[in-house]
Each structure stands twice: as structure tokens, then as C-alpha cells.
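Here the structure is laid out as C-alpha cells; the discussion comes afterwards.
Here, each number is a calculation from the coordinates, and none is a lab measurement. Bear in mind the structure is a predicted one, so any value in this text is a computation, not a measurement. In this analysis, Cβ positions are derived from the backbone assuming ideal geometry, glycine residues included, and neighbour counts consider all displayed protein chains.
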Amino acid sequence: KAGVTQTPRYLIKTRGQQVTLSCSPISGHRSVSWYQQTPGQGLQFLFEYFSETQRNKGNFPGRFSGRQFSNSRSEMNVSTLELGDSALYLCASSLAAGTSYNEQFFGPGTRLTVL
Amino acid sequence: DQQVKQNSPSLSVQEGRISILNCDYTNSMFDYFLWYKKYPAEGPTFLISISSIKDKNEDGRFTVFLNKSAKHLSLHIVPSQPGDSAVYFCAARSNTGFQKLVFGTGTRLLVSP
């Protein structure tokens, strides 16, 4: 069974640009969550999508957005990039059919560098 | 507001000894706790978890202890092996948060031969 895949793996952008990251969950998984990892901050929750609906959101500015498609693939977008957006962006998928917790499987991440 | 804290950024242990990683939390709504292990250039991988109704969970060399009154959990690795060298993240889930996990800042464990 293929794991969670994220594309691209590495990305370099300049301030003011926008970026789109992609995540393909494990087959059959309907929940996709996104996290930002920066040095000293651990992993910070961005948002969770389930069946194409955002059902939870972290404390990030509106420049960060996402969506989920009918095949459960998800994209996140960051507009007007700032230097502080440089981070590893991780995607995690799970079955998550109900409200109880289901194990999340993480992808390898996309390393975004903003110059 | 750091709801999950790992106060030790790093820990060095000799092979064969016990590694103890600690984690404190502040949110009483957390009902599920997890430990993840992360190698460079890879995503975190699940290690072990514990529900708030239990105080101990064991899986092979890994044991997690939960002290709800102190809002503290710990991960014990016995015996430690060089392959255990990685960054360990403690994470917690609120019973109202669906799949959202709140992570600590991580502890880098180095196990030397």
C-alpha cells in the first residue's frame, strides 16, 4: 500500500509570490491534515479536510488556505509569501470516519524556502 | 501559548541504557496522547499512544506513562539502541479536535554505542 505522497519535495520562492503544495493520501483515507514545522516551534496545525470540507483550522493568517478534492487529494496554498513562511510543510492522512481519533500517517513533507 | 511542552531539547544516552523523554501539557481537554519519531528528511512516524483513561501503555521496548494529575507523560525506551537516535515529538489530541494534534517542540535523542 503506497504511503502519503507530497509534491514537490523542495521549493524555492521569493517574497510576495504564491505557492501551491500537493498531498495524495493513502488510498481509502478521507482525512487530510496539514502541519507547518519550523525550527524551535515543533509542528503547528494548519487545517484538516474531510470529504472535501474543512472541519478544523489552526491559528494561521488567511494567506494560508487549502482544499480537498473528491478523490481525497489535497492542496494547500500560501499567497504573498513572507520570509517566515520558510518551513517544512507536512501532510498527514487518516481514515477518520467519525469523531474518534484515527492514526495519522505523515508524508515526507515539502521543504519551502522563501528568499 | 504552548499547550504541549518538551523542555529538554536534547538527550544523550549510551546504548543499552534507558532513555526517558518527558512531556508536559496544560489543556485538560486532551484525551489522547502520542509519541512520534522523526528522522531528517522524513515525515514523523507513529511510535506509541495512550488514552487518557489509562496510565501506562507498553509496546516492546517502548512504554508511555501518563500522570493526569500532574499533566505529564513520559516515554521510556529500554534498552536504547543507536537506531533510536532521532527527534521525538510528543503530541496530544483534544476530544473536540477531530484529527488535530498539538505537538511539542521535540527532543533530539542521541544513543551512542
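Condition (residue is acidic (Asp, Glu), more than 11 Å from every other protein chain (Cβ to nearest Cβ) and not in a loop (DSSP other than H, G, I, E, B)) applied to segment A:48-68: is it met by at least one residue?
Narrowing segment A:48-68 to residues acidic (Asp, Glu): A:48, A:52.
Now narrow it down to the ones that are more than 11 Å from every other protein chain (Cβ to nearest Cβ): A:52.
Those still in the list that are not in a loop (DSSP other than H, G, I, E, B) too: none.
No, because not a single residue in segment A:48-68 is acidic (Asp, Glu), more than 11 Å from every other protein chain (Cβ to nearest Cβ) and not in a loop (DSSP other than H, G, I, E, B).
A quick yes/no check of all residues on (1) of a type outside the set (A, V, I, L, M, F, W, C); (2) loosely packed, with under 15 Cβ neighbours inside 10 Å; (3) touching a residue at least 40 places away in the same chain (Cβ under 8 Å):
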{"site": "B:TYR36", "(1), (2), (3)": "yes, no, yes"}
{"site": "B:ILE53", "(1), (2), (3)": "no, yes, no"}
{"site": "B:PRO79", "(1), (2), (3)": "yes, yes, yes"}
{"site": "B:ALA92", "(1), (2), (3)": "no, no, yes"}
{"site": "B:ASN95", "(1), (2), (3)": "yes, yes, yes"}
{"site": "B:THR107", "(1), (2), (3)": "yes, no, yes"}
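Take the conditions (1) more than 14 Å from chain A (Cβ to nearest Cβ); (2) out of contact with any Cys (no Cβ under 6 Å at 6 or more places or on another chain); (3) surrounded by 15 or more Cβ atoms within 10 Å (Cβ to Cβ); (4) touching a residue at least 24 places away in the same chain (Cβ under 8 Å); B:PHE65 misses just one of them, which is (4).
Can you name every residue in segment B:6-24 that is closer than 19 Å to A:GLN37 by Cα and in contact (Cβ under 8 Å) with a residue 40 or more places away in the chain? Don't jump to the end; show me each part of the working.
Step one: list which residues in segment B:6-24 are closer than 19 Å to A:GLN37 by Cα, which gives B:6-10, B:23.
Correct list: B:GLN6, B:SER8, B:PRO9, B:SER10, B:CYS23.
Looking across segment A:1-28, the residues that are surrounded by fewer than 20 Cβ atoms within 10 Å (Cβ to Cβ) and farther than 19 Å from A:VAL78 by Cβ come down to A:LYS1, A:ALA2, A:GLY3, A:THR5, A:ILE26, A:SER27, A:GLY28.
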